[in-house]
Amino acid sequence: MRIGLVVDSACDLPGDFLARNGITILPITVRIGDAVLADHRNEEATLQFLHAQIAERGADAETTPFTVQQIQDLFLQKLVIDYDYVFCMTITKTRSPIFDNAMQASFAILNEYRAVRSAAGNDTPFALRVIDTQNLFSAQGILPVEAVRLRDAGEGAPKIRARLEHLALHTHGYLVPRDLYYIRNRARKKNDRSVSLLSAALGTALDIKPVLHANRGDTGPVAKIKGFDAAARKVFEFAARRVEAGLLTPTMCLCYGGELEEMRALPGYTTLRDACGAHNIDVYESVMSLTGMVNVGKGAVVVGFAADPHDFG
């Protein structure tokens, strides 16, 4: 069985990993004023757009995910021919309409694929499964990395599906933003009042950085730490301890809203890399997606992994 994998471009994994494993991307288009870029996970293009646009006007950006029709067209023109079963793994549905769009498109795809496959000389059934990763950014990457591992090991679609749905419940993302004013302004643009002006002003004045935790579609603060470097160190060292305690997959995903060398110079980064090396954990690092950067700002760092329930500390 030919198994295909699809992610949206908010999924922070290295571009060469996506290309090497034939993972299809549902691009999200970012518009800032007259500047428009469809995010295909090209890190060079992302960094150029960051330096030219996001740092100054990113809070006013508009993001447009693939529509129902675009997803339907992608499947019927290509994926139903190239594969027999496709897993489409999306950013959490609590933060984006991509999951709902893909689910809606799936009904038409499953109704219409037969003629397309028959014309290509294939009369066998086609199936797809849309999975809400229930997370975002680099934490989204845990599921497709595991899907590749299982596919390469020759596992069938039912086992892969069960494993991915289980991992979605146990994937954790930890994010440290640099600029609370940016997040507050971005939230207002999206009619999200979760970050008040007062909290942003106090946080900025006191240099307090929240650590945000994402799991099962919910995102909220689990700590407030003085100074970005101190907060990053706390998250990296915490992740290292989770590695030592045992993860559910041999995978750690990191992303950063800027040049990766800046992330690698942060306090605590080496501690995490050393722990991963000692426990045979593969580390995937990528520049944060355009979607991620316009929503949480330049210079944010995210760590994602799968683990049993735990407290941050």
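Okay, residues lined up against (1) acidic (D, E); (2) under 14 Å from I183 (Cα atoms); (3) over 14 Å from the mean Cα position of the chain (by Cα):
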{"site": "C276", "(1), (2), (3)": "no, no, yes"}
{"site": "V283", "(1), (2), (3)": "no, no, yes"}
{"site": "N295", "(1), (2), (3)": "no, yes, no"}
{"site": "V303", "(1), (2), (3)": "no, no, no"}
{"site": "G313", "(1), (2), (3)": "no, no, yes"}
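If D207 meets every condition in (1) of a type in the set (D, E); (2) at pLDDT below 95; (3) surrounded by 14 or more Cβ atoms within 10 Å (Cβ to Cβ) apart from one, which number is that one?
Failed condition: (3).
Exactly one of (1) open to solvent by less than 50 Å² (accessible area, probe 1.4 Å); (2) modelled with pLDDT of 95 or more; (3) not hydrophobic (A, V, I, L, M, F, W, C) is unmet by D39. Its number?
Among (1) open to solvent by less than 50 Å² (accessible area, probe 1.4 Å); (2) modelled with pLDDT of 95 or more; (3) not hydrophobic (A, V, I, L, M, F, W, C), the lone unmet condition for D39 is (2).
I need every pair where a residue in segment 242-253 that is over 11 Å from C276 (Cα atoms) and hydroxyl-bearing (S, T, Y) has its Cβ under 7 Å from the Cβ of a residue that is at pLDDT 95 or above and surrounded by 16 or more Cβ atoms within 10 Å (Cβ to Cβ), sequence separation at least 6 or different chains.
Close Cβ pairs satisfying both conditions: T249/I142; T249/E146; T249/L167; T249/A306.
With the condition kept exactly as written, say whether any residue in segment 66-80 is loosely packed, with under 14 Cβ neighbours inside 10 Å and at pLDDT below 95.
The answer is no, given that none of the residues of segment 66-80 is loosely packed, with under 14 Cβ neighbours inside 10 Å and at pLDDT below 95.
Return yes when I54 is open to solvent by less than 20 Å² (accessible area, probe 1.4 Å), under 15 Å from G292 (Cα atoms) and at pLDDT 90 or above and no when it is not.
no
I need every pair where a residue in segment 267-290 that is on the phi > 0 side of the Ramachandran plot has its Cβ under 8 Å from the Cβ of a residue that is surrounded by fewer than 19 Cβ atoms within 10 Å (Cβ to Cβ), sequence separation at least 6 or different chains.
Pairs found: G268/E237; N280/P250.
Could you check, for segment 73-89, whether at least one of its residues is under 21 Å from L254 (Cβ atoms) and within 19 Å of the chain's Cα centre (by Cα)?
Yes, the conditions are met somewhere in segment 73-89.
Considering only residues of segment 275-313 that are surrounded by 24 or more Cβ atoms within 10 Å (Cβ to Cβ) and hydroxyl-bearing (S, T, Y), which is nearest to A245 (Cα to Cα)?
S286
Let's see how each residue does on (1) open to solvent by 10 Å² or more (accessible area, probe 1.4 Å); (2) over 23 Å from A307 (Cα atoms):
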residue: I225; (1), (2): yes, yes
residue: K234; (1), (2): yes, no
residue: A245; (1), (2): yes, no
residue: T251; (1), (2): no, no
residue: R273; (1), (2): yes, no
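Taking segment 14-33, which residues are among the hydrophobic types (A, V, I, L, M, F, W, C) and over 22 Å from A102 (Cβ atoms)?
Filtering segment 14-33 down to residues among the hydrophobic types (A, V, I, L, M, F, W, C) leaves 17-19, 23, 25-26, 28, 30, 32.
Matches in segment 14-33: I32 only.
Name the residues in segment 149-179 that are surrounded by 20 or more Cβ atoms within 10 Å (Cβ to Cβ) and assigned to a helix (DSSP H, G or I), would you?
Within segment 149-179, R151, I160, L164, L167, A168 qualify.
Being in contact with a helix residue (DSSP H, G or I) (Cβ under 6 Å, 6 or more places away or on another chain) and of a type in the set (G, A, S) is the filter here, so list the residues in segment 148-176 that pass it.
G173
Name the single residue, out of those in segment 4-19 being of a type outside the set (A, V, I, L, M, F, W, C) and assigned to a loop (DSSP other than H, G, I, E, B), that is nearest to the chain's Cα centre (by Cα).
Going through the qualifying residues, I end up with D12.
The values are calculated or read from the model by the stated rules, or taken from the named source; none is laboratory data. This structure is a prediction, so every number in the text was calculated from the model and none was measured. A quick note on method: Cβ atoms are made from the backbone with ideal geometry, for glycine too, and the neighbour counts reach across all protein chains shown. These accessible areas exclude ligands, DNA and RNA; they are computed on the full protein's heavy atoms, side chains included. Shrake-Rupley method; radii C 1.70, N 1.55, O 1.52, S 1.80 Å.
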